[in-house]
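> Have a look at this one before I ask anything.
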Amino acid sequence: MFKRNATCLIFTTLLLFSRICYGQESNYSIYKNDNTEQLEEFRNSNTTSEVESSSSTVITASEDGSFPEGIQEPPLDPSITIQEGLSYPFREKLYVKPLPNNDLLTSFQFKMNSEEFAPSISSLNYGQYNHFTVFPKAIESVLHRTDTRQLHLRFTRGFWDAETWGRLPHDGFKSGGNGVELWAIIEAESKDNAYSKWKTLANSLSGLFCASINFIDSSKTTYPVTSFQPDNDQGLPVFANSKNQLYLIRAALANEPICTENLTPFLKLLPTKGKSGISTFLDGHKVFDSSWHSLSVDVITNCDVNQDKCKYETDAVVDMVTHVPYSLARNKNPIPKPLPAEQLRCDTNKPYDAFQCFPLPESTETEFDLSQIFGKTIKGSSMMSDIPSHICAIITSKWDVSIKVNGELFGTDDNCFELDGMDEYDLYLASSDTSDVTTLNEEVPLHVSRSLTGYGQDHGGLRTVFQNPTPMPITAIYFESLPWYMRLYLSSLKLESIDSSNLQLEDVIDSVYYNSAIDHKRPSHLEYTITIPANTTLAISCQFDKALLHFADYPPDANHGFEIESAVITVIKPFKYQIRTETLLLSLSTPDFSMPYNVIIITSTVIGLIYGTLYNLLVKKVVRVEQADKLIEQQAGLKKKLVAVVLKLKSKVVDRIKQKKVINFYI
Amino acid sequence: MGLLERVQRVIVSRGLIPKIMAQLPKISIIFVAISILMIAILPMDGQYRNTYISENALMPSQAYSYFRETEWNIVRGYRNELVHMENSTSRERNQIMESWLNEFGVKTQIYENRDNEVLYGVFHAPRGDGTEAIVLAVPWFNVDGEFNTNGAAVGVALARYFSRWPVWSKNIIVVFSENPDSALRSWVEAYYTSLDLTGGSIEAAIVLDSPGENDYFDYLEVYYDGLNGELPNLDLVNIGIYIAEHEGMRVSLHGTPFDQIKENNYWTRLKILVASIQSSAFSGLTKTHGNEAFSGWRIQSITLKTKGNSGPLDITCFGRVPEAMFRSINNLLEKFHQSFFFYLLLAPRQFVSISSYLPSAVILSVAFVIAFMDSYINNPSFALPFFSNYTLIPAIVWTVTLVACFILAQLFLILPIPSLLLLINIVISISSIIIQNKKLFKPAVSNRLRSFAFLHLSLILTSLLMVNFPLSFMIGLMAFPMTKVRSITANTAPQIKLENIILLMISNPFIALIIYNNVSSNSGLQGLQGLRVINRLISAWKDMRCWTWFVLCLGWLPSWIMVAISVIENEREPTSHDVKKNE
């Protein structure tokens, strides 16, 4: 954690520094003058720009303190007005979708495009400036430095309950497994070159998003073969020279905690900075209090080959699922204390009095404002975008939705609302039957769950259950990257058909790609195409050995276990859909780290004893007890004589020396 | 070295070595006495330690427990429905419980094992990573066959209560099994092999046992012995006891009656110490309270059982113990590893660690080494060369016996007939009367056969004592009489023959176990009258993977059989003429 904060700090400092260095003066001078003409001029000119340029007008206004409570007062300083027709390629949308069991899915979507630029001309050339307006410059500089053509970043946490909630938002293409996931398409001369650029990319993003992405190294990196392929290859030109190739590289950090320190940099990428528009809802306390949440950033380079023009397109998405009753209850009392007796919902058909109560399920009637869930209201629209902010509720006829503008309710036919002023907005939702939701008709093509099996610390198994609930066969690509200390036996890949349909492994698995692990260097990389027959459940299991690690390979919390990232399943037929399994916790045998000291002590003692005995055997003569006794007696006689002689000699010598000393003294 | 040499001189000059050699049988008895004495001094002041929470993250009872007030109404509400369910089939019961669990968002599945069904549900922690889980297990019927009404009501009410809390970092799994042993064990095994709905690796399990439908109880009993000498980490036992005492409960270990819980003196501590050695040695054979089912897979588990029905403690108070324990375990980032895995409890808050009690088992196994030396050295055949038929024959007999015992162990797993097993053992022990004048072995062979037997047992005990001290200690004590059997020849007094038979009888693994079980009042094996303990030994292996059956069959039984064979009437003693001829 400490290390992570430290890197975060270093990188933010660096970024700050770089921002100041890269000719931002013009920018700052503009907004200090607060002159719209200059702003317009600035937009038209081809000088370096940044996201701040347009949005900073809003920020300075709010930070000036001219209006204390949001935007209830006249929104902006009269000197700052927005030029008619001034708009940037920024779009934001909020979808609200009730789910079964009183859960609510909210999906915030932001699109930011850069201005067009010519890929053949290096932006380092003097006189060449790129204009990005709403596109985050921090990202641009990273993309440019590492020759990244596509960048996909996921921060996800929680359990998506597909059985109840149905399909994942965006068909799963905007959410990752538990933790952080990153993949990119990088242009490079060789694989090694691509890897070093990838490493730079990971380190930069680590600083940018305050996450431990810098822990991605070659032992976590894979080069997917069939999964994660970009949608269309046309938009991916090679910029530098035709010798260069594009490399698809991916890594994931399982169970990396996701928290406010990741959301704040995320909001900073938006031109509105979370100060106006729908992003005002995004408060770390509420986002991370949800049952499931996912932040994603996708940047793609879209090029028009004929005109030699390219632009970056960014999709930033925040999806989250909230359990509405708990969220509302938490507003009243943060601790879910026992309810007072009169508030208990009891089944009156069963014995029921002041002492007993058979609880009823949650009420299916509801009425709430979105601000009760997010703790805030929407402050105005995103005024610089070419299309106003959008809010849509995806509901059935049992639901009512209306927008609250400065406290007044308005409704529309299609349940979609445009925020076109600088007012205070809120969404009001009510239902007489919350179980009636739109997701009920949605069909989830595949349920996949994965678990570790086995007993003991030396080997184990990996079991993946595929359940196809649909009446048609499903074809999917299974992608798995396992750390090197899980020594997979591909030969033990086995199919267990649960529905007793005599399926064989060959019947379901079409093609297998396997790249075995190298200790400390490369993970095992397994991809296969699998076809699951209609209405079938089957399990595929595989055995592995647990490697013994070097003592320095253990993390500081060695007794926690080792995180195994989720497998990624991409459904390709009959339609596209992506799911990820749960992450796993692998327990390896953990040494008692104080043991080396005991071992050293015992070994030294044993060696000492052996040495002593050996030495004695080699040096000493073996005699019988009687002989030994005789010898000792003789020695005693000799000794006495010797001692007497020595004493005599000694006294003589001492006398001599004394005399000499006396003489010397006199001389 | 000078001092050592002097001591050695004195020993040599006084001729102590032959004297000591002559006294080996007595010395082995002295060693056994020392071993018992070493256990007996453990409960003395200064020999044991007070328990403490070693893992700081646990913080037991540091958060306020809210399973109180109207939660009691809900427990009662569920209980009103549960009381009618005792006689309904397991499927009906599980279906109703499943519908209750589904109401508050727990994903459920029913696991069908050989004999019955186990219902379990996973509550996915909203903020956790879903890789670890804590289990709340409720057997429908407890170890005594009583319907676990209060336990099930508290279990489902707790699960409902837990689902409202956003604090969980680990998934919560609730398990309703038909019984606390085979059904629960089969579920745990299936969880790690073939279940489709899983919630990550299980860190800890708490089994609730509270039969009856009373609102009140007197005190709490905590069971913690695992199978095969495994114990839960001392930290888990400690937080259970700390929390229970924090809630104002008295905690009893190993069936200490209510009126004796308060006392804490040498004798009470000794009593609990002996009881914990016994119950750990025979765990799996004795009453299984449920926590044994989770033994292995690095799962720490304990059983909480309410006793009495008049006391001042109410049933939500009982629920607050697992609640606070769940909160504590939820705090853990690492697995339980800080505290002791090998310990003996003397009182709820007093224990001795492995370093204090292990030497006594070592000394016991040394007693067998001395017996081996005695049977090898102290007879005329010592002068015979080691590499000769006199050693080869015992070695062959040892191999054959081991194989025979293994076959026997496997056969009885298929056909568990205790009376047949008993008959075989009795026949072997009186074989010295049945087989007469056959002159089976030479006396030298017979002596070496016995040395092999003692050496075998000593090795088994030494290797076992690290893993399962109580079992090693109990086997050592119970098998010791067989070191006292003497060789017989045609002119041996019938008195000695009889003595031999008695010694062999009482040191036979199965006969000793049956006698011990039926005689001892506090053996922890109550309720297994007659020969049922043998059935239990076999079913413990089959249902629970408890190795005691194989330890007895492959450790103790072969060496006993070899001793029994060695006392079958011998040929005459070898004379010096024979010795010369051989040389």
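> So for the stretch A:447-586, what percent of the C-alpha to C-alpha distances run longer than 22 Å?
Tail of P(r) above 22 Å: 39 percent of Cα pairs.
> What list of ³J(HN,Hα) couplings, whole Hz, do you get for the stretch B:96-110 from phi and the Karplus terms 6.51, -1.76, 1.60, once you set θ to phi - 60° and write x for glycine and proline?
Here the 3J(HN,Hα) series is 5, 4, 4, 5, 5, 5, 5, 4, 10, x, 8, 7, 10, 8, 10 Hz.
> Rounded to the nearest 20 debye, what is the charge dipole size of the stretch A:447-586 about its Cα centre when +1 sits on each Lys and Arg Cβ and -1 on each Asp and Glu Cβ?
So the magnitude is around 220 debye.
> Further question: Please list 3J(HN,Hα) in residue order for the stretch A:624-633, calculated via the Karplus relation 6.51 cos²θ - 1.76 cosθ + 1.60 where θ = phi - 60°; whole Hz, with x for glycine and proline.
7, 4, 4, 4, 4, 4, 4, 4, 4, 4
> Can I ask one more? Which value, in Å² rounded to 10, gives the accessible area of A:Asp458 with a 1.4 Å probe and all protein chains present?
Approximately 90 Å² for this residue.
> Tell me, what does the Kirkwood hydrodynamic radius of chain B come to in angstroms if you use every pair of distinct C-alpha atoms?
It is 26.2 Å.
> Report the accessible area of B:Phe441, computed with a 1.4 Å probe over the heavy atoms of all protein chains in place, in Å² rounded to the nearest 10.
We get 30 Å² for B:Phe441.
> Ignoring everything except DSSP H segments at least 4 long, calculate the 222 nm mean residue ellipticity for the protein assembly as shown; use -39,500 (n - 2.57) per segment, divide by total residues, nearest 500.
Using -39500 (n - 2.57) per qualifying helix, the result is -12000 deg cm²/dmol.
> Next question. Kindly tabulate the residues in the stretch A:556-599 with an accessible-area decrease of at least 50 Å² between the chain alone and the assembly of all protein chains, using a probe of 1.4 Å.
A:Asn559, A:His560, A:Leu585
> Same structure again: Dipole of the stretch A:343-442, Cα-centred, from +1 at each Lys and Arg C-beta and -1 at each Asp and Glu C-beta, to the nearest 20 debye?
400
> Here's another thing I want to ask about it. Does the stretch B:69-348 come out rounded, prolate or oblate, given a ≥ b ≥ c as the square roots of the eigenvalues of its C-alpha gyration tensor, rounded meaning a/c under 1.5 and, failing that, prolate meaning a/b above b/c?
rounded
> Give me the Å³ per residue figure for the convex hull around the C-alpha atoms of the protein assembly as shown.
305
> In addition: Dividing the alpha-carbon Rg of the stretch A:343-442 by 2.2 N^0.38 Å yields what?
Expressed relative to 2.2 N^0.38 Å, the Cα Rg reads 1.46.
> A follow-up question, please. Hey, if we sort A:Asp386, B:Asp314, A:Asp319 by accessible area with the 1.4 Å probe, largest down, what's the order?
These residues rank, largest area first, as A:Asp386, B:Asp314, A:Asp319.
> Rg/Rh for the stretch A:174-288: what does it come to with C-alpha atoms and Rh from Kirkwood?
1.02
> Same structure again: Spin-label point model (7 Å from Cα, Cβ direction): what's the A:Asn598 to B:Met44 distance in nm?
Calculated label separation equals 2.6 nm.
> Now for a different question. Give the residue list of chymotrypsin sites (Phe, Trp or Tyr not before Pro) in the stretch A:533-603 that are DSSP loop and have at most 15 other beta-carbon atoms within 10 angstrom.
A:Phe575, A:Phe593
> Kindly state, to the nearest 0.05, the FRET efficiency for B:Ala57 paired with A:Leu642, given R0 = 60 Å and r defined as their beta-carbon distance.
0.25
> In addition: Just going by the charge dipole of the protein assembly as shown, with Lys and Arg at +1 and Asp and Glu at -1 on Cβ, which of A:Ile300, A:Ser435, A:Leu495 is farthest out on the positive end?
Comparing the listed Cα positions along the dipole, A:Leu495 ranks first.
> Right, here's the next one. Accessible area, 1.4 Å probe, largest first: how do A:Asp507, B:Asp129 sort?
A:Asp507, B:Asp129
> Not counting ligands, DNA or RNA, and with a 1.4 Å probe, what is B:Arg486's accessible surface area in Å² rounded to the nearest 10?
Spelled out: B:Arg486, probe radius 1.4 Å, area about 110 Å².
> Please get the size of the charge dipole for chain B, origin at its Cα centre, with Cβ charges of +1 on Lys and Arg and -1 on Asp and Glu, quoted in debye to the nearest 20.
The dipole magnitude comes to about 2520 debye.
> Still on this structure, I have one more. Please quote Rg/Rh for the stretch A:258-332 to two decimal places, taking the Kirkwood radius as Rh and restricting both calculations to Cα atoms.
For the stretch A:258-332, the value is 1.14.
> Please name whichever of A:Leu419, B:Gly155, B:Phe282 sits farthest to the positive end of the charge dipole of the protein assembly as shown, dipole taken about the Cα centre and charges placed at Cβ: Lys and Arg +1, Asp and Glu -1.
Result: B:Phe282, furthest along the dipole toward the positive end.
> Once the cut-off is 18 Å, how many percent of the Cα-Cα pairs in the stretch A:560-623 end up in the long-distance tail?
70
> Quickly work out the B:Lys26-to-A:Asp553 label distance, labels modelled 7 Å from Cα along the C-beta direction, and quote it in nm with one decimal.
5.9
> Please calculate how many Å² of accessible area the stretch B:69-348 carries per residue, with a 1.4 Å probe and no DNA, RNA or ligand atoms counted.
28
> Same structure, new question: Can you give me the distance in nm between label points at A:Leu649 and A:Ala430, each placed 7 Å from the Cα along the Cα-to-Cβ direction?
Each label point lies 7 Å from its Cα, and together they span 12.0 nm.
> If R0 is 45 Å, what FRET efficiency do you get for B:Ser355 and B:Arg14 from their C-beta distance, rounded to 0.05?
0.80
> Could you give me the ³J(HN,Hα) list for the stretch B:422-430, computed from phi with Karplus coefficients 6.51, -1.76, 1.60 and θ = phi - 60°, whole Hz, x at Gly and Pro?
Residue by residue, the stretch B:422-430 yields 4, 4, 4, 5, 5, 4, 5, 6, 9 Hz.
The values are calculated or read from the model by the stated rules, or taken from the named source; none is laboratory data. Please read all numbers here as calculations on a predicted model, not as lab measurements. All Cβ positions, glycine included, derive from the backbone under ideal geometry; neighbour counts span all protein chains shown. Surface areas here come from the heavy atoms of the whole protein model, side chains and all, with no ligands, DNA or RNA. Shrake-Rupley method; radii C 1.70, N 1.55, O 1.52, S 1.80 Å.
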